[in-house]
Amino acid sequence: MAITNGGQTVPYRPKAGEIPTQPGVYRFRDPARRVLYVGKAKNLRARLSNYFQPLRNLHERTRRMITTAASVEWTVVGNEFEALQLEYTWIKEFNPPFNVVFKDDKTYPYLAVTMGKLVPRALVTRDRRDKTTRYFGPYTKVWAIRETLDLMLKAFPMRSCSDGVYRRAEQTGRPCLLADIGKCVAPCVGRVTKEEHRELANEFVDFMSGSDQRYLRTLTKSMQEASAELNFEAAARYRDRIQALSTVMEKTAVVLSDNVDADVFGIAHDELAAAVQQFIVRGGRIRGTRSWVVDKELDMELGDLVDTVLQNAYDGEFAPPREVIVPEVPEDSAALEQWLTDRRHEIDGASRGGAVAVRVAQRGDKAQLAQTAEINAKGALTLYKTRRSADFTARSQALNDIQNALGMKDAPLRIECYDVSHLQGTNVVASMVVMEDGLPRKDQYRRFSISETTDDTDSIYQVLTRRLAYLKEEAAMPVAERDDETGETRRKKFAYAPQLLLVDGGQPQVAAAKRALDESGVQGIQLAGIAKRLEEVWLPDDDYPVILPRNSDALFLIQRIRDEAHRFAITYQRASRKRDISTVLGEVPGLGPARIKELLGHFGSVKRLREASVEAVSEVRGIGPALANAVYALLHEGDGE
């Protein structure tokens with residue numbers, strides 16, 4: 001794509017006055033007229049102006065979409081709700097590659113009761129198209145729903161046989177085995193009337209709809225009355241039904257009050273991927289869960305991601321409940337609630353519909369459940385990354401792609417990555433993490449303490465100078481160690497040279513690393529930096545970064561080793577900071593480890609402890625006025641100089 005005006009914009013940028021200020025939906029198309037991205041806006045002019053900023057100001061993934069496109073077009077609508085509807089329709093129609101689509105190719109099982117039939121039937125099904133049938137679920141495991149149905153039939157012995165079995169029983173006058181074992185009242189042979197059987201089906205549906213506690217109370221009262229009347233056989237039947245229903249309730253933990261129907265969403269995301277966890281709460285109980293993990297194409301804020309998640313979650317057979325709990329309410333929440341309400345009416349029918357509310361849980365059981373959903377989403381995202389990293393084919397492809405992108409002679413079988421961490425310029429430390437064949441080698445990680453430095457670039461220079469000195473020494477005189485078991489001589493782990501040396505940062509950090517590499521005289525090492533904000537890879541002396549494909553395994557591997565270096569550095573920095581202040585405070589006579597722990601725990605941080613007055617320090621348990629004065633004097637030693 002040719003870029004005009006000194007790289008400031010793209011040729012197809014419309015004039016600002018041509019773009020309307022009304023709500024609408026816009027589409028970016030490539031030269032072949034394929035739709036690349038569909039978006040909605042309350043104000044089309046304001047939204048599109050964000051895309052047509054100078055290209056250098058755009059996020060890399062947005063810049064790639066803008067430069068890939070050849071045109072933009074828009075459609076004006078009456079309000080935000082119509083914009084949401086049209087955006088949803090076009091995303092489904094065109095499947096744009098830059099839109100996030102949470103693919104969930106699973107067909108979930110439901111517990112269904114065919115209330116539209118003359119003699120209702122309870123069954124397990126994956127087909128949810130019959131509007132006259134009541135569905136409960138979805139369940140993630142089919143064995144769990146079959147177990148639930150088996151227990152429910154002990155309490156509500158309604159028909160569960162197929163139509164063929166039912167007709168055969170009607171013709172022969174002989175019921176099936178379920179009637180003999182007490183799991184069916186056998187309306188097929190007239191043991192109960194069809195009206196009595198329908199009443200049993202209604203009770204089944206009421207219980208599954210959330211009236212479980214009320215029904216248990218009714219059964220308990222009936223059991224007590226039967227027992228008082230010495231009708232022990234009836235009391236035993238009530239007891240067995242209570243036990244069966246109690247078992248069903250135990251398998252779906254009580255988390256909220258009985259009248260709560262809600263879907264609780266937890267979302268975890270980073271620059272490359274997003275994971276969603278959905279808890280389905282009906283009648284105050286978790287009836288099922290769903291989860292997705294998807295690669296992100298364009299970077300987006302959490303509110304926009306919530307909007308996309310809900311559109312995908314309720315696309316198809318899933319009906320929204322009365323309440324949807326999310327980590328952040330999107331800007332167009334009113335339009336989104338109206339769209340969800342329409343979906344609820346469309347799927348469940350107007351008789352069972354109702355307004356849908358989208359909100360953030362602030363406190364109480366709902367907030368705790370939302371936190372649990374978020375924890376599950378974070379775990380799913382971590383698991384997704386771990387499994388992706390463990391894939392041998394993906395790792396091999398990633399290393400080959402890195403080799404080609406950076407112009408290396410060979411694939412980087414050994415990669416070392418460095419990161420610097422500090423607290424406002426104090427306790428400066430650095431980390432080195434190693435990956436061989438795309439997998440972490442934690443036994444070869446290293447930590448560095450930096451006593452004096454001017455900034456991050458100087459820290460990078462110092463650390464790499466120290467690290468490369470080992471390789472320089474090894475070139476002159478091989479460094480070796482003897483294996484205690486075999487007696488063989490082998491090279492020390494720290495003496496292995498990497499094919500690729502990564503630093504966390506952009507051009508300044510890469511320049512500092514190059515200076516250390518040039519001064520060391522070590523040859524054959526490719527140097528690069530990874531800038532976190534735009535996920536760009538910088539090479540020495542290059543004016544423009546290397547842009548790896550957005551969802552490529554190469555970018556994923558580089559991001560993973562960078563994040564691991566950051567984690568390792570932060571862990572060491574925190575430990576160093578804690579050890580440092582504890583050592584300093586330990587110089588105060590009478591201030592032992594227990595009192596130091598009490599001090600740090602009371603104030604929460606070293607900064608707050610330094611800012612505290614003598615009186616505030618003396619209020620800490622176990623710290624008297626004399627100790628408080630000694631601590632204050634030590635922490636402020638030299639302040640007046």
Review point. All other residues with a Cβ under 10 Å from the Cβ of R121 taken together, and with Lys, Arg as +1 and Asp, Glu as -1, what is their net charge?
Key: +1
Review point. Out of residues 5 or more away from A361 or on other chains, whose amide H comes under 5 Å of its own, with H placed 1.01 Å from N in the peptide plane?
Key: V326
Review point. Could you give the nm distance between label points at V165 and A228, where each point is 7 Å from its Cα heading toward the beta carbon?
Key: 4.0 nm
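Run the numbers for M408 and E611: contour at 0.36 nm per residue of separation, minus the present Cα-Cα distance, in nm.
Numbers: separation 203, 0.36 × 203 = 73.08 nm, distance 5.25 nm.
Between M408 and E611, full extension yields an extra 67.8 nm.
Let me have the relative contact order for the stretch 107-208, percent, based on Cα pairs under 8 Å that are six or more residues apart.
Details: 145 pairs, mean separation 28.2, N = 102.
Relative CO of the stretch 107-208 lands at 28 percent.
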Study note, to complete from the structure: Along the stretch 34-46, Karplus-curve 3J(HN,Hα) (6.51, -1.76, 1.60; θ = phi - 60°) to the nearest Hz, with x for Gly and Pro, reads 6, 6, 8, 7, 10, x, 10, 8, 6, 9, 4, 5, 5
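Using 0.36 nm per residue of separation minus the Cα-Cα distance, give me the extension gain between V124 and E301 in nm, one decimal.
Working: separation 177, 0.36 × 177 = 63.72 nm, distance 3.94 nm.
Between V124 and E301, full extension yields an extra 59.8 nm.
May I ask which of K15/K385; K92/K385; K385/K409; K194/K221; K131/K183 have a Cα-Cα span longer than 32 Å here? Intermediate results must be reported in sequence, preceding the final value.
On the way: K15/K385 43 Å; K92/K385 28 Å; K385/K409 28 Å; K194/K221 26 Å; K131/K183 27 Å.
In this structure, K15/K385 exceed 32 Å between Cα atoms.
Can you tell me the FRET efficiency between A497 and V546 if r is taken as the Cβ-Cβ distance and R0 is 22 Å, rounded to the nearest 0.05?
Working: r = 22 Å, r/R0 = 1.00.
About 0.50, to the nearest 0.05.
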Practice item. Pull out the extension gain between A594 and S396, defined as 0.36 nm times the separation in residues minus the alpha carbon to alpha carbon distance; nm, one decimal. Key: 66.1 nm
Point to revise | At R0 = 22 Å, FRET efficiency that the Cβ-Cβ distance of D437 and T386 yields, to 0.05 | key: 0.90
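Where a number appears in this text, it was derived from the coordinates with a stated rule and is not lab data. Because the structure is a prediction, the values reported are computed rather than measured. Positions of Cβ are generated from backbone atoms using ideal geometry, with glycine treated the same way; all protein chains shown enter the neighbour counts.
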